[in-house]
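Working notes, beginning with the structure itself.
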Protein chains: 2
Amino acid sequence: MSNKQMEVEGMHIPKSYTMNGGDGPRSYTKNSSYQRTVIEESKDLINEPIEGNLDIETTCLSGTKIFAIADLGCSVGQNTFVAVQNIIEAIENKYLSKIQNRLSLEFQVLFNDHSSNDFNTLFRSLPPPHKYYAAGVPGSFYHRLFPKSSLHFVHCSYALHWMSRVPEQVLDCKSPAWDKNKVHYMNASEELHKAYSAQFKNDMESFLNARAEELVDGGLMVIVLPNQPNESNLLENARAMIYGIIESCLYEMVKLGSISQENVESFYLPLYFPSSKEFAEFIRKNGKFSIERMGTMTKHMSYLNPSVELVVRTTRAALEGLFKEQFGEEDTDEFFEHFRMKLAETFHLLDSKSREHQELFVTLKHRKH
Amino acid sequence: MSNKQMEVEGMHIPKSYTMNGGDGPRSYTKNSSYQRTVIEESKDLINEPIEGNLDIETTCLSGTKIFAIADLGCSVGQNTFVAVQNIIEAIENKYLSKIQNRLSLEFQVLFNDHSSNDFNTLFRSLPPPHKYYAAGVPGSFYHRLFPKSSLHFVHCSYALHWMSRVPEQVLDCKSPAWDKNKVHYMNASEELHKAYSAQFKNDMESFLNARAEELVDGGLMVIVLPNQPNESNLLENARAMIYGIIESCLYEMVKLGSISQENVESFYLPLYFPSSKEFAEFIRKNGKFSIERMGTMTKHMSYLNPSVELVVRTTRAALEGLFKEQFGEEDTDEFFEHFRMKLAETFHLLDSKSREHQELFVTLKHRKH
């Protein structure tokens, strides 16, 4: 097993499954406009379950006067604040009159990400007037993060596709999942895909079990993650194309002698994009949540008018940490130069259809014990 | 008013009322061994109120199964973790058998400091196995930080002597409190002392009111802060001597042309050291807490065997941020060179008696509504 894995909270988690910190030109803060559109689009989708499914009388008002919201995988930048604001507004819109008559409900927002996340930047960029008590909670959301029955609403956008680790088998040269020239299951063997899928399933089970402990009965959870359309050929999408470019750039750098073959062989992106069918299956099997709503969103891609520069910057803000850890600072710079050039050559192939990213949007309700 | 003041959370708070971050040679992490001894010494003093005064049955077990502890002004380094561990052990020792029979109590620890505190270092240095859910809460403790009745135990060690701001009058050349060559009320006019005392009183009132909202009925608060012995002459102690050295170093730098007279005139240390009599009076006047215990500790100073180097490093870890903000990086370096030299010249005057720091230790209980 690669020594890039480190022991964190009892699990093997590479150090840098976090987005680029700070607010410089390569930061996630400055390179997450795509994720921002997803949050903006999901505003109505958040309103709906609060309007229809959230029974604030039993989930909250009976006991405490606190309504606790957790944003899991919050990263840095304004996106997490916008998401949280949307949730609070939806709750206020529904309950304002009732609440005013009875008591003053207080919101607590718990911003979670790995302890390597840049919480300093996050805290310093908190919007100056905000009507909630803010806290940062460091740790992997594949573990327990909060006390029992202490949350009323969980939001997790663009985070759950980061698995807890690269599946062990794909790093083992004796395993049928071994496919040394790949960095991801897309474009790769069925065995590699299966190993990723199994890892994601395990992670989902850990995730759902932890949240089931933390959410009050009837509490809601909204999950948004990049979707793999059920019927699509894995090869026919922009994501697969980008991973293919990453692979060929790394191959080129090995040929040029910049990096070693062994280093590339142990490098994988711990990202999984479940189909909605697969995702629903995992939730049903777990049994602790009912699916209140599940759908996909596709329209927002038009906002962005993607360019080579944008794809490079977005990719770098999200993946740079992984590259630096495996290849070091200098080779990472070189890699992104290769990546920029190769992407420019093939960018015309990303026709409008294959550029259409799809998001999976799921609303879950914690079943009563 | 000096433009070094900035608007944070609706109050004027200089940006750097936080200890030096990171874990380098000048960090608070590496230069807080004195504060560590205070925490070690206060272990028994924490045990006692938990043993005698904490009614966990009514404060906690009746409602939730969460026991929430806040450490206010936690800074960085191991001290906060040691303090929290002491509190948890004391509670477990008292209630373990009862709790095991009935339910599993979960601890939540909320580490609070200004949003400019180095939370990244704090989170990354969390002890690997810890039996609590950790969260960081950014903001000034002179405001509300937590939802109503959400805390069971508050700990605040070596933090409350940092006032929310420099009193306005001392920055106003028309005020009788104006004393341009001073950086602190010690060694200064009675008017300057009064202005500081009034500011501290206001801050205490804000602090106690906020905590009264946040603590459950019967919840405990343990405060440790540097003490000014009631009967002592302000001039006859090490602290006054050190502030005197700071003043003379700044005066020297003005004469050398390194810094401007105006810059020194608007520079004050926002630190106040109440006598136990004064502190008790503020608490009684506020009326929301009963004083369960109040005392002083003096013996721990012998642990340290202070040297010029230690005093320079400790002073720098705590005050460097204030200096940098007022004078800039370079002049701060120069200042600490002057400080080191002048301290070395006069160090022999710090005889064993005047080196004896005293800590004020107070246990408060939130009165039932």
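Could you report the buried accessible area between B and A, both sides summed, computed with a 1.4 Å probe and given in Å² to the nearest 100?
Looking at B and A, the buried total is near 2200 Å².
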What are the ³J(HN,Hα) values, in whole Hz, obtained from phi via the Karplus relation 6.51 cos²θ - 1.76 cosθ + 1.60 with θ = phi - 60°, for each residue of region A:207-219 in sequence order, with x given for Gly and Pro? 4, 5, 5, 5, 5, 5, 6, 7, 7, 5, 4, x, x
Within-14-Å neighbourhood charge of A:Phe111 [Cβ basis; K, R +1; D, E -1]: -2
How far is it, in nm, from the label point at B:Lys180 to the one at B:Arg239 when both lie 7 Å from their Cα along the line to the Cβ? 2.8 nm
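Please compare each pair in A:Lys131/B:Lys30; A:Lys65/B:Lys324; A:Lys131/B:Lys194; A:Lys30/A:Lys285; A:Lys368/B:Lys43; B:Lys131/B:Lys365 to a cut-off of 32 Å on the Cα-Cα distance and tell me which ones are over it. Could you put the intermediate results ahead of the total?
Working: A:Lys131/B:Lys30 37 Å; A:Lys65/B:Lys324 43 Å; A:Lys131/B:Lys194 36 Å; A:Lys30/A:Lys285 39 Å; A:Lys368/B:Lys43 42 Å; B:Lys131/B:Lys365 25 Å.
Over 32 Å apart, Cα to Cα: A:Lys131/B:Lys30; A:Lys65/B:Lys324; A:Lys131/B:Lys194; A:Lys30/A:Lys285; A:Lys368/B:Lys43.
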Quick check: Cα centre of region B:246-279 to Cα centre of region B:326-350, how many Å? 13 Å
Residues whose built amide H sits under 5 Å from the amide H of A:Ala68, excluding neighbours closer than 5 in sequence, are A:Gln108, A:His152, A:Phe153
Quick one: which residues, 5 or more positions from A:Val137 or on another chain, have an amide H under 5 Å from its amide H? H modelled 1.01 Å from N in the peptide plane, none for Pro or chain starts. A:Phe111, A:Asn112, A:Asp113, B:Gly136
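Let me know the Kirkwood hydrodynamic radius for region B:177-271, please, with Cα pairs as the basis and the value in Å to one decimal. Write out the running numbers ahead of the final one.
On the way: mean 1/r = 0.0636 Å⁻¹.
For region B:177-271, inverting the mean 1/r across all distinct Cα pairs yields 15.7 Å.
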At a 1.4 Å probe, which residues in region A:133-158 are at least 50 Å² less accessible with all protein chains present than in their chain isolated? A:Tyr133, A:Pro138, A:Pro147, A:Lys148
How far is A:Ser290 from itself in the other copies, in nm, if each label sits 7 Å out from Cα along the Cα-Cβ line, shortest first? 4.8
If you count only protein heavy atoms with a 1.4 Å probe, what accessible area per residue comes out for region B:207-296, rounded to a whole Å²? 37 Å²
Between B:Ala344 and B:Tyr251, what is the label-point separation in nm under the 7 Å Cα-to-beta-carbon projection? 2.2 nm
Whose amide H sits under 5 Å from the amide H of B:Gln78, counting only residues 5 or more places off or on another chain, with H placed in the peptide plane? none
Accessible area per residue, Å², region A:115-184 with all protein chains present, probe 1.4 Å: 34 Å²
So the compactness index of region A:115-166, its C-alpha Rg divided by 2.2 N^0.38 Å, takes the value 1.33
B:Lys180 label points, 7 Å along Cα→Cβ, one per copy: pairwise distances from this copy to the rest in nm, shortest first? 7.7
Along region B:69-75, what does the Karplus equation 6.51 cos²θ - 1.76 cosθ + 1.60 (θ = phi - 60°) give for ³J(HN,Hα), rounded to whole Hz, x for Gly and Pro? 10, 10, 10, 8, x, 5, 6
Could you pull the copy-to-copy label distances for A:Pro129, with points set 7 Å along Cα to Cβ, in nm to one decimal and sorted shortest first? 4.9
From the P(r) of region A:250-331, could you give the percentage of C-alpha pairs in the tail past 15 Å? 74 percent
First measure r as the distance between the Cβ atoms of A:Cys173 and A:Glu281, then evaluate 1/(1 + (r/R0)^6) with R0 = 35 Å and state the FRET efficiency to the nearest 0.05. 0.65
What is the average number of partner chain Cβ atoms found within 10 Å of a Cβ in B:104-114? 2
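Report, in cubic angstrom per residue, the convex hull volume of the C-alpha atoms of region B:133-217. Don't jump to the answer; show the numbers that get you there.
Values: hull volume 9.8 nm³, N = 85.
That works out to 115 Å³ per residue.
The values are calculated or read from the model by the stated rules, or taken from the named source; none is laboratory data. Quantities reported herein were computed from a predicted structural model and do not represent experimental measurements. Positions of Cβ are generated from backbone atoms using ideal geometry, with glycine treated the same way; all protein chains shown enter the neighbour counts. SASA here: full protein model, heavy atoms, side chains in, ligands and nucleic acids out. Shrake-Rupley method; radii C 1.70, N 1.55, O 1.52, S 1.80 Å.
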